[in-house]
Amino acid sequence: MITATGNRLMLEVWDNLYIEARTAATIIRGHTDLNATAEAHAPILQAFETGPPELCTELVIDHQHEYSTRPHHKSPQQDTYTT
């Protein structure tokens with residue numbers, strides 16, 4: 001989806017966030033309601049399909065902000081942070 005936007009800066013930011021690896025780790029840990037996660041992304045996808053660029057930008061920023069405010073904790077078994 002990011003590639004389809006043609007926005008090179010957005011693609012570079014996306015690549016540097018390692019979203020695919022973080023998503024896989026979250027799914028493997030099993031602490032995520034995948035249906036709720038998919039539903040949370042529906043408005044973003046809808047905006048990319050039909051909305052103006054400003055709406056897409058607003059929704060993506062809001063989504064990132066919501067994720068960044070989630071509590072993160074250090075796993076006792078690891079030296080890495082988990083969500």
Members of region 42-53 that are touching a Ser or Thr at 6+ places or on another chain (Cβ under 9 Å) and either part of a loop (DSSP other than H, G, I, E, B) or among the acidic types (Asp, Glu) (or both): none
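Residues checked against (1) modelled with pLDDT under 80; (2) in a helix (DSSP H, G or I); (3) hydroxyl-bearing (Ser, Thr, Tyr); (4) under 14 Å from the mean Cα position of the chain (by Cα):
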position: 24; (1), (2), (3), (4): no, yes, no, yes
position: 40; (1), (2), (3), (4): no, yes, no, yes
position: 55; (1), (2), (3), (4): no, yes, no, no
position: 61; (1), (2), (3), (4): no, yes, no, yes
position: 65; (1), (2), (3), (4): no, yes, no, yes
position: 70; (1), (2), (3), (4): yes, no, no, yes
position: 78; (1), (2), (3), (4): yes, no, no, no
Matching residues in region 1-60 - criterion: being open to solvent by 60 Å² or more (accessible area, probe 1.4 Å) and in contact with a strand residue (DSSP E or B) (Cβ under 9 Å, 6 or more places away or on another chain): 29, 31
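The values are calculated or read from the model by the stated rules, or taken from the named source; none is laboratory data. This structure is a prediction, so every number in the text was calculated from the model and none was measured. Using ideal geometry, Cβ is built from the backbone for each residue, glycine included, and neighbour counts are taken over all protein chains shown. Side chains included, ligands, DNA and RNA excluded: accessible areas come from the protein's heavy atoms. Shrake-Rupley method; radii C 1.70, N 1.55, O 1.52, S 1.80 Å.
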